[in-house]
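Chemist: Quick one: this structure, given as C-alpha cells, is what I'll be asking you about.
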Amino acid sequence: MLRHKKIILGITGGIAAYKCAMLVRLLVKEGAEVKVILTKAATDFVTPQTLSVLSKNEVTLDFFDKHFNWNNHVHLAEWADVMLIAPLTANTLAKMAQGLCDNVLLATYLSAKTKTIVAPAMDLDMYQHPSVKQNLETIKTFGNLIIPAEHGELASGLTGEGRMAEPETIVEFLKNYVSENLTLHGKTALVNAGATYEAIDPVRFIGNRSSGKMGLAIAETLAAQGAEVTLVLGANRVEIKNKALKLINAESSDEMFEAMISNFQNKDIVICSAAVADYKPAKPSGEKIKKKDEILNLELVKTKDILSELGKQKTNQLLVGFALETQNIIEYAQQKLKNKQLDMIIANSASEQGSGFGADTNKITIIDKHNKITNFELKPKQQVATDIVNYIIKLINKK
Ligand code: CTP
C-alpha cells in the first residue's frame, strides 16, 4: 500500500524520537519514499546521519543547509503524498494550533496540501492538560489526523497515557489511510489473462502465444488503486507474486468460462484480456494419439465466447474487452464493442512492431461505447495498464 508513496516525516524533540529510526526503516521496507525534517530539539534525541542513511535521502534541519542553499519548504510540501509528524510534542502541537512558523518543519506543514497525520508523545500530565487537549481538537478541525498516544511506561517513570504509538502502529495507520483514499477503494474487479490450452489428447493441446503480461499488469494496477481484484489466469505457468491478487487458474476455455461466469455477478469492473481459443477439438482423445496415417484430421468446434456471455448477463458491471487484429483494427474493434455489449474495448495490432503477444510494449486504441476513440503511443505494458485503468476510473466516475 505504501509502495512509491512519498512521505515527509517531521520529528520533533521528544524522547520517542529515538523510535523514528525504526519507523523510517519500516516505511522504507514498505516501499515508501521518506524525507525527514528534524527540529533543532529533535537532534538531541536522534542524529540526522542515522535518518539520512535509513531514509536514503538528505535530512532537512533548517531553512538553509550547510552550503547556505535554501531548503524550499514549498517544494518539499508539494512533493509529499502525506505528511507525518512523530513524535509530536506539546510545543509543536501548540504552534500548529496557532499557525506559528518558527522552523522549517512548521513552514512545510503550513504549506502542505496533503493530509498531515500526527503521533503525539508527552508525559502523563502534559497529555491530560486542557490546553493540549484543546489544541489536539483544534488541529483536528483543520483536517489533521491523530494517532492517539498509547498507555504504558513513560520516560519520566510514570505509567499512563502519553507514549508515542509504536512504529508498527503508525505504519498500519498510514497503510489504512492510504488504502481508504485510493480511487478504487471499495470496488471489486475481475480480470482474465493469458492463453487457453484446448486438449487434443492427454499430452497435446491447441494454444496460442499470449503471455498474460498485459492482463497481469492491468490486474496489478487496479489493485494498486485499491480495488479488490480476482485474476483468472490461463494456462501460462507464470508465478504471480502479488499477494493482493486473488488468483484462479483456468487451463481450457471451458474452465475459464466457468471461472468468469461464477465470479461475475458482484463485480464492478470486468476486463477480458485473455486470448481464449476460438475453436477446440470436438472429441479430445482419452489416450495419446499414435502416429499412423500420413494425414490426421482434427475436427474443431467453436468454444463458448466468454465476453459475449458476460455482455448478456451484465447488470451494473463496467465490461471491458480487447480486440487483437491484423487489419481494419478500429472497424473490427467497434463491431466487437457493439456485438458483445461492452462499455469499452482496447484495440491493438498483432502485426505492429512492439505490440501484441509476448512483447513488453503495446500500442493501443481505446474505444468507448459512445464511440469516443483515443489513441495512445507505443509504451511499456505497465504504462499501458496505467492508461487503461485511468480511463476506466474516468468512466466509473461518470456512471
Ligand atoms: N473472447 C472471449 N471468449 C472467446 C473469444 C474471445 O471472451 N471464446 C474475448 C477476448 O478475451 C477479447 C475479446 O473477446 O476480450 C475479443 O477477442 P478476439 O480474439 O479479438 O475476437 P473474437 O471475438 O474471438 O473474434 P475474431 O477472433 O474473429 O477476431
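Chemist: Those residues that are open to solvent by 80 Å² or more (accessible area, probe 1.4 Å), touching a helix residue (DSSP H, G or I) at 6+ places or on another chain (Cβ under 8 Å) and not in a loop (DSSP other than H, G, I, E, B), I need them from the stretch 320-344; list them, please. Let's see the steps before the verdict.
Modeler: We begin by selecting, within the stretch 320-344, every residue open to solvent by 80 Å² or more (accessible area, probe 1.4 Å); these are 326-327, 331, 335, 338-339, 341.
Those left that are additionally touching a helix residue (DSSP H, G or I) at 6+ places or on another chain (Cβ under 8 Å): 339, 341.
Listed by number, the list holds a single entry, N339.
Chemist: I'd like the residue in the stretch 181-215 that is within 14 Å of the ligand (Cβ to nearest atom) and of a type in the set (A, V, I, L, M, F, W, C) and, out of all such residues, is farthest from Q383 (Cα to Cα).
Modeler: The qualifying residue farthest from Q383 (Cα to Cα) is I206.
Chemist: Right, something else. I need the full set of residues from the stretch 350-359 which are open to solvent by less than 60 Å² (accessible area, probe 1.4 Å) and either under 26 Å from Q265 (Cα atoms) or hydroxyl-bearing (S, T, Y) (or both), in order please. Walk me through it before giving the result.
Modeler: Of the residues in the stretch 350-359, the ones open to solvent by less than 60 Å² (accessible area, probe 1.4 Å) are 350, 354-356, 358-359.
Residue satisfying the conditions is S355 alone.
Chemist: Looking at the stretch 216-228 only, could you name the residues that are more than 26 Å from L378 (Cα to Cα) and at pLDDT 95 or above? Working first, answer last.
Modeler: Kept after step one, since they are more than 26 Å from L378 (Cα to Cα), are these residues of the stretch 216-228: 226-228.
Across the stretch 216-228, the qualifying residues are A227, E228.
Chemist: Then there is this: Could you tell me which numbered condition R237 fails, if it satisfies all but one of (1) in a loop (DSSP other than H, G, I, E, B); (2) away from the ligand (no atom under 13 Å from the Cβ); (3) surrounded by 14 or more Cβ atoms within 10 Å (Cβ to Cβ)?
Modeler: R237 satisfies all of (1) in a loop (DSSP other than H, G, I, E, B); (2) away from the ligand (no atom under 13 Å from the Cβ); (3) surrounded by 14 or more Cβ atoms within 10 Å (Cβ to Cβ) except (3).
Chemist: Here's something else I'd like to know. Tally time: how many residues in the stretch 204-223 are over 18 Å from S351 (Cβ atoms) and open to solvent by 20 Å² or more (accessible area, probe 1.4 Å)? Can you show your working first?
Modeler: To start, the set of residues in the stretch 204-223 that are over 18 Å from S351 (Cβ atoms) comprises 204-207, 212-213, 215-223.
Cutting the leftovers down to open to solvent by 20 Å² or more (accessible area, probe 1.4 Å) gives us 204-207, 213, 216, 220.
Going through the stretch 204-223 one residue at a time, the tally reaches 7.
Chemist: If you go through the stretch 288-307 one residue at a time, how many are more than 16 Å from the ligand (Cβ to nearest atom) and open to solvent by less than 100 Å² (accessible area, probe 1.4 Å)? Lay out the reasoning, then the answer.
Modeler: At the first step, the residues of the stretch 288-307 found to be more than 16 Å from the ligand (Cβ to nearest atom) are 288-299.
Remaining after also requiring open to solvent by less than 100 Å² (accessible area, probe 1.4 Å): 289, 298.
Within the stretch 288-307, residues that are more than 16 Å from the ligand (Cβ to nearest atom) and open to solvent by less than 100 Å² (accessible area, probe 1.4 Å) number 2.
Chemist: Restricting the search to the stretch 105-131, which residues are within 31 Å of the chain's Cα centre (by Cα) and of a type in the set (D, E, K, R)? Reasoning before the result, please.
Modeler: First, pick out the residues of the stretch 105-131 that are within 31 Å of the chain's Cα centre (by Cα): 105-120.
Result: K113, K115.
Chemist: Turning to a different aspect of this structure: Give the residues of the stretch 160-181 that are in a loop (DSSP other than H, G, I, E, B) and at pLDDT below 90, sorted by residue number.
Modeler: Correct list: N181 only.
Chemist: Of everything in the stretch 189-203, what is assigned to a strand (DSSP E or B) and either open to solvent by less than 30 Å² (accessible area, probe 1.4 Å) or not assigned by TED's automatic domain parsing to the domain that holds L300 (or both)? Give them in sequence order. Break it down stepwise before answering.
Modeler: If we filter the stretch 189-203 for residues that are assigned to a strand (DSSP E or B), which is where we start, we get 189-193, 195, 198-199.
Correct list: A189, L190, V191, N192, A193, A195, E198.
Chemist: In this structure, is A347 within 12 Å of the ligand (Cβ to nearest atom), open to solvent by less than 60 Å² (accessible area, probe 1.4 Å), touching a helix residue (DSSP H, G or I) at 6+ places or on another chain (Cβ under 9 Å) and not polar (S, T, N, Q)?
Modeler: On the way: within 12 Å of the ligand (Cβ to nearest atom): yes; open to solvent by less than 60 Å² (accessible area, probe 1.4 Å): yes; touching a helix residue (DSSP H, G or I) at 6+ places or on another chain (Cβ under 9 Å): yes; not polar (S, T, N, Q): yes.
So A347 passes the test.
Chemist: Search the stretch 1-31 for residues being in contact with a strand residue (DSSP E or B) (Cβ under 9 Å, 6 or more places away or on another chain) and free of Cβ contacts under 8 Å to residues at least 40 places away in the same chain, and hand back the single one that is surrounded by the fewest Cβ atoms within 10 Å (Cβ to Cβ).
Modeler: So the residue we want is H4.
Chemist: Which ones in the stretch 114-126 are hydroxyl-bearing (S, T, Y) and modelled with pLDDT of 95 or more? Explain how you work it out, then say what you get.
Modeler: So the first thing to find is which residues in the stretch 114-126 are hydroxyl-bearing (S, T, Y), and the list is 114, 116.
The answer is T116, and nothing else.
Chemist: Confirm whether E166 is assigned by TED's automatic domain parsing to the domain that holds A17, over 12 Å from M96 (Cβ atoms) and touching a residue at least 40 places away in the same chain (Cβ under 8 Å). So that I can check it myself, show each step before the final result.
Modeler: Details: assigned by TED's automatic domain parsing to the domain that holds A17: yes; over 12 Å from M96 (Cβ atoms): yes; touching a residue at least 40 places away in the same chain (Cβ under 8 Å): yes.
Here the answer is yes, as E166 does meet what is asked.
Chemist: Residues in the stretch 373-390: is at least one aromatic (F, W, Y), under 24 Å from S211 (Cα atoms) and open to solvent by 80 Å² or more (accessible area, probe 1.4 Å)?
Modeler: Initial filter on the stretch 373-390 (aromatic (F, W, Y)): 376.
Okay, now just the ones that are also under 24 Å from S211 (Cα atoms), so 376.
This time we only want the ones that are open to solvent by 80 Å² or more (accessible area, probe 1.4 Å), so: none.
No - not one qualifying residue is present in the stretch 373-390.
The values are calculated or read from the model by the stated rules, or taken from the named source; none is laboratory data. Keep in mind the model is a prediction, meaning the values are calculated, not measured. All Cβ positions, glycine included, derive from the backbone under ideal geometry; neighbour counts span all protein chains shown. The accessibility values were calculated without ligands, DNA or RNA, using every heavy atom of the protein model including side chains. Shrake-Rupley method; radii C 1.70, N 1.55, O 1.52, S 1.80 Å.
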